[in-house]
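**Q** The following block contains the structure, expressed as structure tokens.
What follows draws every value from the coordinates through simple rules; no lab data is involved. These numbers were taken from a predicted model, which means no experiment stands behind them. In this analysis, Cβ positions are derived from the backbone assuming ideal geometry, glycine residues included, and neighbour counts consider all displayed protein chains.
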Amino acid sequence: MLRLLSLYGVSNIRNFLVGFLANLLARLSDLVPPFLLGVAIDSIILQDKPFSIPFLSNSTLPQYPISQFWLVVFLIVSSFVLSAILHWFRNWGWNSFSQNIQHAIRVDTYAHLQNLNMGFFDRKHKGELMSILSNDVNRLEIFLNDGFNSIFRLAAMVLGIAILLFYMNPALAVVSLFTIPIIAFFTYNFTKSIQPKYARVRDSVGKLHSRLNQNLNAIQLIKLYNTESYESSRVEKTSLDYYNANWDSITTRIKFFPSLQVISGIGFTMTFLVGGFWVISGDILWISPRPLYAGEFVTFMLLHQQLVWPMTQFGQVINIYQRARASTVRIFGLIDETNLLPEKPNASELVVDSGKIIYQNVSFGYSRDKILSDISFKVGKGESLAIVGHSGSGKSTLLRLLLRLYDIDHGSITIDGNDVRDLSLKSLRDQIGYVGQDIFLFHGTVRENIQYGSFTATEEEIIQSSKAAESHDFIMNLPSGYDTIVGERGIKLSGGQRQRIAIARALLKDPPIFIFDESTSDVDTPTESLILDFIKTHNSEKTILSIAHRLSTIQDSTNILVLQEGAIIEYGTSEELLHKKGLYFDLWNSRNI
């Protein structure tokens, strides 16, 4: 929590000071009415004491009871009005303080998250990450606004009331405050007990969100395979884990708060007993030789009651703090994640000239599983390289390494002689247009999805790229044309339509290097031929790497690379490979395309 405040609190110090000072002054203002009530009872109603008000000279005070009474009324009303104004400033200060920090830490956490390499996302559940970005960050608001505010508010009230009680009657103040050490002892034990329990709660709620997110994304699969009962049981188990962890923390809380109320009640009762006997008897020699006046006693009891309330609320503040602390641990755990793709401080900016790509003895594996072994090939401007092989042979991984979605384990990958690890990630990816087999469209319009990444493109350029991808005609037949909402992940479109929009997006970017990873697998053969013909005709100066669903579409490639179990077993033109009658020949005949 100190790290959180040091990183994000300093920049919001103005809001903090407004909230803090207004809070302090508001609490002092709240103490004025009970004190003035005691003065009115003793000096005006019972007339047991001379009329006097601290910080006001007796010479300036009225001499007649009715005038004194109206002065007290005016001061009480003024204190309430001042308190209301100060409370507004307090709420503005604390709310703006908490909202600014909450916004900043969410943005920073997300910015760091999207800079992590793909290996991190391969092993992390998306639902758990969403839980951190939403629930855990939102939980900070409760502490920074209500909890942090309450810490200073309660501290100001306890300190202010304690000083006022000792000012009025030191002996009775000792009786009133004797329960504070006991409350501190209970609070310390509660803090030690609840901290690990809240950590388990945050961990279990992350797993629950992950399970729900996964199941909602897979709802169609669940229905098709009639696994509703199976998934319900899995959700029930995950929910039960959260229930048990949360209930464990709840049982600890519900034992703690009543205990504080009992202890505070004992302090209130002792104050009433001692003070009551003192007023009745006139003096209690073993405590103090001076009398306790009725108005003074009423003020004392009112102030003590205001002291009892914050003492019981202090436990709630500790509870809020421990919840926020558990969330902060998860947030900074994500921020401290070091699974980053290293980028050199003096990384070069890639400017493609010849477009020559060379893989030299490249090996790569996810964790300990080796996927690619000793891969070497080259392709240049105006050339196209097609990669074929059985599923799981490493085709897609091979191309993703060029984009540095992952870093290779051995060897090198260069573009125009520049090792991709020496280049800035932005300039590298700016020079490559990628269309994958898993097409992602954002919830938004067709135009927004085509324009994504090329935000300054004109309407004419968008239409031209759509025509090149054979998508313009079907787009114009949609209800609102280019302004049609595609739905989450493009659910309102067919697989082929989504692929054509993704191709239009890549063509609009117009980079010197293209990667097509089975990007036309859902497109009918005639349409696919038209798209590929356009790419070959109008992008003759580009470097193109592709993985094809239909082998007939890559037979005109400059070279074809055949992968098997992560190693190159054949390399050459389609005609050369068919003549060798190896794996490519078998794949060609088995697909009969």
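**Q** Using the per-residue mean of other Cβ atoms lying within 10 Å as a proxy for protection, in what order, highest first, do the peptides 385-395, 291-301, 241-251, 85-95 fall? It would help to have the intermediate numbers written out before the result.
**A** Working: 385-395: 19.5, 291-301: 21.0, 241-251: 15.5, 85-95: 17.9.
Going from most to least packed, we get 291-301, 385-395, 85-95, 241-251.
**Q** Follow-up. Let me have the 222 nm mean residue ellipticity of the chain computed from DSSP H runs of 4+ only, each contributing -39500 (n - 2.57), with the sum over all residues rounded to the nearest 500.
**A** On the way: 22 runs with 346 residues, N = 593.
That calculation yields -19500 deg cm²/dmol at 222 nm.
**Q** What share of the DSSP beta bridges in the chain is antiparallel, in percent to the nearest 5? Walk me through the numbers before you get to the answer.
**A** Working: 22 of 41 bridges.
If I count the DSSP bridges inside the chain, around 55 percent turn out antiparallel.
**Q** Run the numbers for Y366 and L7: contour at 0.36 nm per residue of separation, minus the present Cα-Cα distance, in nm.
**A** Extra length available between Y366 and L7 comes to 125.7 nm.
**Q** Quick check: Cα centre of the stretch 144-219 to Cα centre of the stretch 555-593, how many Å?
**A** 69
**Q** Only Lys, Arg, Asp and Glu count, each charged at its Cβ (+1, +1, -1, -1), so figure out the dipole size of the stretch 357-591 about its Cα centre, rounded to 20 debye.
**A** Once rounded to the nearest 20, the dipole reads 320 debye.
**Q** Expected output is a single nm value to one decimal: the length gained when fully extending between L273 and T60, i.e. 0.36 nm times separation in residues minus the C-alpha distance. What is it?
**A** 72.9 nm
**Q** Would you mind checking which residues have amide H under 5 Å from L116's amide H? H placed 1.01 Å from N; only 5 or more apart, or other chain.
**A** Those lying under 5 Å, H to H, from L116: there are none.
**Q** Here's another thing I want to ask about it. Just grab the label-to-label distance for S412 and L578, each label 7 Å out from Cα along the Cβ direction, in nm (one decimal).
**A** Computed distance between label sites S412 and L578 equals 3.8 nm.
**Q** I would also like to ask the following. Which entries in the list K378/K542; K124/K395; K126/K426; K370/K581 go over 19 Å, if you measure between the two C-alpha atoms of each?
**A** On the way: K378/K542 14 Å; K124/K395 23 Å; K126/K426 24 Å; K370/K581 28 Å.
Checking Cα-Cα distances, K124/K395; K126/K426; K370/K581 exceed 19 Å.
**Q** If you don't mind, another one. Using Cβ counts within 10 Å as a stand-in for footprinting exposure, how do S176, S83 rank, fewest first?
**A** In order of increasing Cβ crowding within 10 Å: S83, S176.
**Q** In whole Å, what are the extents of the chain along the principal axes defined by its C-alpha atoms, from largest to smallest?
**A** 119, 49, 47
**Q** On to the next question. Rounding to the nearest 10 and keeping the result within 0 to 90°, find how far the Cα-based axis of helix 13-30 lies from the longest principal axis of the chain.
**A** For 13-30 against the chain, the angle is about 30 degrees.
**Q** Check which residues have an amide H placed less than 5 Å from G433's amide H, if you skip close sequence neighbours.
**A** Long-range HN contacts for G433: I513, F514, I515.
**Q** Which values, in whole Å and largest first, are the semi-axes of the equivalent ellipsoid of the stretch 2-335 obtained as the square root of 5 times each eigenvalue of the Cα gyration tensor?
**A** Equivalent ellipsoid semi-axes, largest first: 53, 24, 15 Å.
**Q** 7 Å from Cα along Cα→Cβ at both S229 and F121: what's the point-to-point distance in nm?
**A** 3.7
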